[in-house]
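Student: I have a structure I would like to understand better, so I am pasting it below and will then ask my questions one at a time.
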Amino acid sequence: MICNVWTDLPLRFQFRIKCVQCILRREKAVSASTELSGDLTIGTIESICESIFPDLLKKFHQLYPNVSVSIVLDSPDVLLDRMNKNSIDLVYLLDQPIDDKRFIKVLEAPENISFVSSSVHTLAKNDSTDLASVISHPFLLTEKNASYRFVLDRYLASLGKEIKPFLEIGNTEFIINMLKQNAGISFLPEFAVRHEVESGILSILPVKDFHMELYRQVLYHKDKWHTGEMDAFIELAKETFQTSSVSDVFPQT
């Protein structure tokens, strides 16, 4: 005896199955039609763009190949002003904690900012040194409006000290290349030189009377229309965030 499973089912079950199949086809069609394909404008600073964004944006493109991403490089103040004017969707910054009711912060984690030199530099051979000794050497620094440069200058001014660099440039990669040639000392986020330090090319100088910590932060305007492209980037940024030291106020959820 041959049994036809479909025709042997009661009509009411056949109808329910057809309804479920119809719903599944409709959901599949909606999913395909709503695949992310819009634009996303992200504001950031030079060091983050050169150190963190290559891997992050490569993965983002693999996941969302139809999204067009634009990167805007500038100082934190300028980027926040542009986001307030709705010309930037979100910002990924390194700065002191930003507490502004206009913006929603979705990620925050501390990062060490340190004095860096070639591993063959005189100070790199010492177990520790002091701030006065470090700033007496030739320096290459980012421009004055860079967040960590600004904080350093302000701190030194409070001590009646200053650094007069022989070179100022906004390009972090250029500074790192100069450090590799033992051209002087710089002041950079440790994540920006992680690979060079791990490979023994550059060294973080241990300064016994100095420590600075700023925060990587991702923010968007509270009145911003939340696009799927924004949500996708934020979720990926959370996944690839390299530190778990996030404040209770702004958890990675």
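Student: Sorting R154, R82, R216 on the 10 Å Cβ count, fewest up front, what's the list?
Tutor: R154, R82, R216
Student: What residues have an amide H closer than 5 Å to that of A109, excluding those fewer than 5 places away on the same chain, when H is modeled at 1.01 Å from N in the peptide plane?
Tutor: Distant-sequence amide H within range of A109: R216.
Student: I'd like to know how region 121-248 sits against the 2.2 N^0.38 Å rule of thumb: what's its Cα Rg over that expected value?
Tutor: Details: Rg = 17.6 Å, N = 128, 2.2 N^0.38 = 13.9 Å.
Scaled against compact globular proteins, the figure is 1.26.
Student: Regarding region 29-160, what is the average projected area of its C-alpha convex hull, in nm²?
Tutor: 11.5
Student: Another question about this same structure. Going down the list K58/K125; K58/K105; K58/K164; K101/K144; K85/K161; K58/K180, which pairs span over 30 Å between their C-alpha atoms? Intermediate values should be presented prior to the final figure.
Tutor: Working: K58/K125 37 Å; K58/K105 24 Å; K58/K164 38 Å; K101/K144 27 Å; K85/K161 37 Å; K58/K180 27 Å.
With Cα atoms farther than 30 Å apart: K58/K125; K58/K164; K85/K161.
Student: Within 10 Å of each residue's Cβ, count the other Cβ atoms and sort H121, H211, H137 from fewest upward.
Tutor: Lowest to highest Cβ neighbour count: H211, H137, H121.
Student: Taking 45 Å as R0, compute the FRET efficiency from the Cβ-Cβ separation of D55 and A157 and round it to 0.05.
Tutor: My answer for the efficiency is 0.80.
Student: So for D39, D81, D89, fewest C-beta neighbours within 10 Å to most, what's the order? If you can, show how the numbers build up before the last one.
Tutor: Values: D39 11, D81 14, D89 24.
Final ranking by Cβ density, sparse to dense: D39, D81, D89.
Since every read-out is calculated from the coordinates, none of them should be taken as a lab result. Please read all numbers here as calculations on a predicted model, not as lab measurements. Counting neighbours? That spans all protein chains shown, and the Cβs are built from the backbone with ideal geometry, glycine included.
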